[in-house]
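Working notes, beginning with the structure itself.
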Amino acid sequence: MSKIVPADLKHITEAAKALQRGELVSFPTETVYGLGGDATNDRAVAAIYEAKGRPSFNPLIVHVGSLSAAAEYGDLSPAAVTLARKFWPGPLTLVVPRRPKCRLSLLVSAGMDSVALRVPAHPTAQALLMLSERPLAGPSANPSGRISPTTASHVDEGLGDKVAMILDGGPCSIGVESTVISLLDETPTLLRPGGITVEEMAAVLGRTIEVAPQVGDIEAGLHGPGRLLSHYAPDRPVRLNAASVAPGEALLAFGPNPPQAKIMLNLSATGDLKEAAANLFAMLRELDRPDVTGIAVMPVPAEGLGIAINDRLTRAAAPR
Ligand code: AMP
Ligand code: MG
């Protein structure tokens with residue numbers, strides 16, 4: 001049965017409740033349809049990656065209702081505030097440092113210290129943000145590798161069985177993804193072209209904007225992931241496929257019968273990959289402590305979400 005419902009107050013209220021329970025809802029924005037989940041809920045964010053079938057954890061855009069809500073989660077530099085005042089609500093995403101200890105799931109940032117924030121202009125998206133009282137992770141609502149959906153029925157075809165409901169707000173007015181600009185360095189850098197042009201932003205900022213050498217949506221395969229994004233890696237060496245633990249090592253376990261270890265966290269004692277994805281970054285960080293010599297990681301099956309988990313663990317274990 002189709003999950004498409006009209007984006008009226010009754011259904012937006014229902015959708016907001018589903019989001020608060022950790023379920024996924026597809027909602028219209030002015031750019032494309034988003035696959036929304038509570039950005040403070042690790043399990044909901046893991047469910048987004050699972051639904052999209054992404055082979056790696058690319059960071060997700062977090063949608064918020066206002067500039068002041070954005071400031072709760074990100075450190076907004078004067079340039080960020082200038083761009084936000086001019087272009088929000090609208091198709092501009094700002095990549096900024098995460099506020100330390102902010103409530104956002106580490107998984108939305110793929111473990112990094114930055115976060116991508118946007119205030120969408122679409123009235124349905126705005127209403128959903130207000131009624132759910134949650135920041136919403138919202139990548140495009142298409143299976144990984146497929147084109148972004150601009151109507152509710154596109155979403156239904158690709159992800160209909162993965163969401164609680166699809167709010168139908170008609171076709172998206174812009175139809176291309178938001179512009180993504182990084183304000184992490186002194187010089188603002190365009191990461192993805194979109195609804196707002198470099199020239200428009202440069203004019204507002206009164207300065208030039210660097211264009212990242214390879215722009216495009218990582219997910220669309222236009223460039224190799226990891227080129228633009230500096231991935232989080234622990235300071236301590238990471239050893240994969242561990243069956244036992246060496247003295248001094250901490251264990252990142254998976255499944256019901258881990259070997260004995262003095263310092264151990266279990267990604268999922270029941271072997272649930274969604275739970276493991278939800279715990280991955282927080283547990284890696286917690287085990288990355290000065291009193292351990294390394295982190296031994298038990299094997300995680302390379303299926304479903306396990307593919308993205310293994311991708312990230314392999315990067316964390318790569319020689320540096
Ligand atoms: P989508 O999830 O389809 O809306 O695409 C999100 C885009 O934003 C991708 O191109 C991501 O690489 C980019 N993005 C999201 N968060 C970050 C971040 N923290 N740093 C750099 N790029 C980001
Ligand atoms: Mg996308």
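The values are calculated or read from the model by the stated rules, or taken from the named source; none is laboratory data. The structure presented is a predicted model; accordingly, all values stated were derived computationally and were not measured. Here the Cβ is made from the backbone with ideal geometry for all residues, glycine too, and neighbour counts use every protein chain on show. Areas reflect the complete protein model, heavy atoms only, side chains present, ligands, DNA and RNA absent. Shrake-Rupley method; radii C 1.70, N 1.55, O 1.52, S 1.80 Å.
Structural remarks
- Residues of the stretch 150-184 that turn out to be within 16 Å of ligand 1 (Cβ to nearest atom), of a type in the set (A, V, I, L, M), surrounded by fewer than 21 Cβ atoms within 10 Å (Cβ to Cβ) and under 21 Å from the mean Cα position of the chain (by Cα), as a count: 2
- Hits in the stretch 255-273 - residues which are touching a Ser or Thr at 6+ places or on another chain (Cβ under 8 Å) and either of a type in the set (A, V, I, L, M) or farther than 17 Å from residue 294 by Cβ (or both): 255, 256
- When residue 82 is tested against (1) more than 15 Å from ligand 1 (Cβ to nearest atom); (2) under 23 Å from residue 278 (Cβ atoms), exactly one condition is not met: (2).
- If the condition is being more than 10 Å from the chain's Cα centre (by Cα) and either open to solvent by less than 30 Å² (accessible area, probe 1.4 Å) or polar (S, T, N, Q) (or both), then the stretch 105-116 contributes 112, 114.
- Some residue of the stretch 285-292 being modelled with pLDDT under 95 and in contact with a helix residue (DSSP H, G or I) (Cβ under 9 Å, 6 or more places away or on another chain): yes
- Candidate set from the stretch 162-187 (those that are among the β-branched types (Val, Ile, Thr) and more than 17 Å from residue 211 (Cα to Cα)); member that is nearest to ligand 2 (Cβ to nearest atom): 176
- Any hit, the stretch 263-273, residues being of a type in the set (Asp, Glu) and touching a residue at least 24 places away in the same chain (Cβ under 8 Å): no
- Contact annotation: residue pairs with Cβ atoms under 9 Å, 6 or more positions apart or on different chains, pairing a residue in the stretch 104-122 that is in contact (Cβ under 8 Å) with a residue 12 or more places away in the chain with a partner that is of a type in the set (Asp, Glu) and surrounded by fewer than 21 Cβ atoms within 10 Å (Cβ to Cβ), are 120/30; 121/30; 122/30.
- When 133, 72 are checked against the criterion of being touching a Lys or Arg at 6+ places or on another chain (Cβ under 8 Å) and either surrounded by fewer than 21 Cβ atoms within 10 Å (Cβ to Cβ) or within 14 Å of residue 36 (Cα to Cα) (or both), a single residue qualifies: 72.
- Test: residue in the stretch 237-252 that is at pLDDT below 90, more than 16 Å from ligand 2 (Cβ to nearest atom) and not hydrophobic (A, V, I, L, M, F, W, C): no
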